[in-house]
Structure formats: structure tokens, C-alpha cells
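Data first, discussion second: the structure below is written as C-alpha cells.
The values are calculated or read from the model by the stated rules, or taken from the named source; none is laboratory data. Predicted model only: the values in this text are computed from it and were never measured. Note that we place each Cβ from the backbone using ideal geometry, even for glycine, and neighbour counts take in every protein chain shown.
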Amino acid sequence: MNPIINNAWPVVLSVAGYDPSAGAGIVADLKTFAAHNCYGVAAITALTIQNSQGVAAVHPVDPTILRESILSVLADGRVKALKIGMLGNFAAAGVVREILESNPDIPAVLDPVLHSSNDFSLLDAEGLDFMRRELLSRVTVITPNLAEAAALAEIPVDNLENMKAAARKLVELGARAVVVTGGHLDKAIDVFFDGTTMESFVGERIKPDNTHGTGCTFSSAVAANLALGRHLRDAVVLAKAYVVEAIRQAFPVGPGRIPLNHLYRMTQPARLTDHSPAVAETTR
């Protein structure tokens with residue numbers, strides 16, 4: 001991470017929930033943007049009550065306030081990418097559709113957050129159906145984990161072949177590109193499909209407890225790399241490398257799940273990119 005703030009840093013907008021433990025949601029997104037030399041701005045969809053041990057409650061933000069918050073930031077005209085995370089309910093999903101329709105030229109990454117790690121619901125059933133019908137086709141890429149891919153594609157997703165099948169199904173449903181993240185498998189395999197090429201990125205599975213906020217962080221890293229002008233596949237590869245190293249250098253901040261060390265680059269010499277540990281396998 002370059003310690004000198006450059007006025008040319010691209011602006012990335014996160015639309016997501018607030019995690020007071022700072023491991024996931026808006027705070028994790030902003031740290032990830034900063035780690036990529038991007039300036040992060042945010043609109044909060046919901047306030048959560050949670051710590052390292054799990055989510056206890058969710059309080060949605062009024063959709064009018066959410067809409068006005070997003071429009072206010074976009075009015076500055078500097079946003080180069082959008083990251084969409086936890087929506088919470090159908091009303092917030094509707095606001096996001098409006099924003100995506102009005103700003104089709106801004107790259108957008110959708111992390112379809114459905115449940116917390118302690119299985120607390122973070123999107124209602126109406127919101128999930130709306131996401132499937134209205135949001136998948138309006139973003140640049142979606143980044144579901146195994147459970148989220150299963151819920152959206154409505155098929156079981158618990159191995160590599162199922163991940164590929166889900167990616168194909170989601171593209172059939174309208175998604176332009178999909179990354180199904182498989183951090184919960186024995187090997188950390190992510191499947192990328194852009195409608196033409198299917199690739200599997202295999203990385204190390206290290207410190208499995210150091211995973212609070214991995215989905216938020218990965219999607220935010222993809223958005224930051226898109227804002228920096230990188231092609232989608234390169235953004236995905238670089239995001240995976242960043243997440244792996246953030247997991248490796250994580251440390252506990254409470255007795256529960258360990259959040260990623262989003263700002264590990266602050267302790268390292270400035271460099272352009274991480275060296276990806278992933279190995280790609282391509283099929284068509």
C-alpha cells in the first residue's frame with residue numbers, strides 16, 4: 001500500500017450493511033479499497049448488532065435515506081466502481097436496481113449476502129427473488145459463496161462440478177459473469193465463468209478460522225481492481241491473491257471468528273500487485 005495519498009485515487013462506492021466489529025460489511029469494504037489505493041465512500045443498507053461471535057440483530061435503513069445517500073455520493077461524479085453487499089430486504093434491493101439502471105456504465109460487483117456465519121438471515125425471501133430476477137443482469141459480476149450460489153441457482157452446490165453448474169445456471173438467469181467462491185471446500189477453489197470461458201482458481205486453504213468477512217473483502221477487492229482499470233479476470237485473480245494474504249496475516253480481535261487483516265500492506269514495501277498463489281484450469 002502506498003502511504004502517500006494521491007489525488008488521482010479512484011472512488012469506489014460500497015452499498016452494504018454496517019458491522020460494528022469491522023470484520024465485514026462497510027468497514028471491511030473501506031479498508032479493502034484503501035489497501036488498493038482507492039478512495040472508499042459508502043451508503044449503509046442496515047445496522048447490525050454483531051461481534052466476532054455472530055450477528056444478533058439487523059435494523060434496516062429507511063429506503064428513502066438509502067436512495068438519497070447513494071445519489072448524493074454519485075452526484076460528485078467521481079465513482080468508478082460499485083460494490084453491493086448485504087441488502088437486508090426487498091426495499092433496499094429495489095433502491096439498488098434503480099441505481100444500477102441509472103448508472104449502467106459504472107462497473108458493479110454484487111456479493112449476494114444471504115446469511116451470517118451463525119445463520120442469521122440477512123436478506124428476506126422477497127429480496128432474494130428480486131435479486132435473482134432484477135439484479136443479476138444489471139451488474140458486471142456476482143460473487144456468491146457455495147450456499148449463496150445454491151440459493152440463487154436453486155441447485156445443490158457442494159463440490160467443483162456443482163460450482164460450475166451453478167455458474168452456468170446463473171449466467172442463464174442473466175448474470176454477465178460469476179465467481180463462485182469455494183473457501184469452505186477442502187481446497188480453496190473459486191470458479192469464474194463469463195458466459196464463454198470457465199476457469200477454476202485453486203489456492204491455499206490456510207487458517208480456516210480467519211475468515212470473518214472473506215466474501216465482503218473479495219468482492220470489494222474485485223471492485224477496487226475494476227476501478228483501477230483492470231480487466232475482470234485480472235481483477236478476480238488479484239482479489240483472490242489479496243484475500244489469501246489478508247487471511248494469512250489475520251489476528252484475533254475477539255473470542256469468535258477472526259477477521260482478515262485488510263491493511264497488511266501497510267507493513268510492507270509499496271508494490272503494484274500481489275503475486276497470485278492461484279493455479280487456473282480453463283474449460284469451455
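Annotations
- All of Ala81, Ala22 fail the test of being touching a helix residue (DSSP H, G or I) at 6+ places or on another chain (Cβ under 8 Å) and not in a loop (DSSP other than H, G, I, E, B), apart from Ala81.
- Qualifying position, being at positive phi and more than 19 Å from the chain's Cα centre (by Cα), among Glu154, Glu98, Glu161: Glu154
- Failed criterion for Ile65 (all others in (1) in a helix (DSSP H, G or I); (2) in contact (Cβ under 8 Å) with a residue 24 or more places away in the chain hold): (2)
- Any hit, segment 64-73, residues being closer than 21 Å to Gly215 by Cα and not aromatic (Phe, Trp, Tyr): no
- Whichever residue in segment 47-57 is surrounded by fewer than 21 Cβ atoms within 10 Å (Cβ to Cβ) and of a type outside the set (S, T, N, Q) and, among such residues, is nearest to Pro255 (Cα to Cα): Gly54
- Checked against the criteria, Ser219 does not count as of a type in the set (S, T, N, Q) and over 11 Å from the mean Cα position of the chain (by Cα).
- Pairs where the first residue, in segment 221-234, is of a type in the set (Asp, Glu) and the second is buried (at least 24 other Cβ atoms within 10 Å of the Cβ) and at pLDDT 95 or above, C-beta under 9 Å, 6+ apart: Asp234/Asn225
- Lone qualifier among Gly213, Gly203, Gly182 - being at pLDDT below 95, surrounded by 24 or more Cβ atoms within 10 Å (Cβ to Cβ), within 22 Å of Val244 (Cβ to Cβ) and touching a Pro at 6+ places or on another chain (Cβ under 9 Å): Gly213
- Looking across segment 98-117, the residues that are farther than 18 Å from Ser69 by Cβ and either modelled with pLDDT of 95 or more or in a loop (DSSP other than H, G, I, E, B) (or both) come down to Pro104, Asp105, Pro107, Val109, Leu110, Asp111, Pro112, Val113, Leu114, Ser116, Ser117.
- Selected residue (criterion: surrounded by the fewest Cβ atoms within 10 Å (Cβ to Cβ)) from residues of segment 68-89 that are of a type in the set (D, E, K, R) and touching a residue at least 60 places away in the same chain (Cβ under 8 Å): Asp76
- Of the residues contained in segment 152-161, one or more are found to be buried (at least 23 other Cβ atoms within 10 Å of the Cβ), closer than 22 Å to Leu82 by Cβ and in contact (Cβ under 8 Å) with a residue 40 or more places away in the chain.
- Close contacts from segment 28-53, counting a first residue that is part of a helix (DSSP H, G or I) and a second that is surrounded by 21 or more Cβ atoms within 10 Å (Cβ to Cβ) and among the charged types (D, E, K, R), with Cβ to Cβ under 9 Å and a gap of 6+ residues or different chains, come to Ala28/Asp19; Asp29/Lys83; Thr32/Lys83; Phe33/Lys83; Ala35/Arg265.
- Lone unmet requirement of (1) under 22 Å from Ser116 (Cα atoms); (2) touching a helix residue (DSSP H, G or I) at 6+ places or on another chain (Cβ under 6 Å); (3) modelled with pLDDT of 95 or more; (4) not basic (Lys, Arg) for Gly174: (1)
- Put simply, of Ala34, Ala8, Ala56, Ala93 the only residue that is in contact with a Phe, Trp or Tyr (Cβ under 6 Å, 6 or more places away or on another chain) and of a type outside the set (Lys, Arg) is Ala93.
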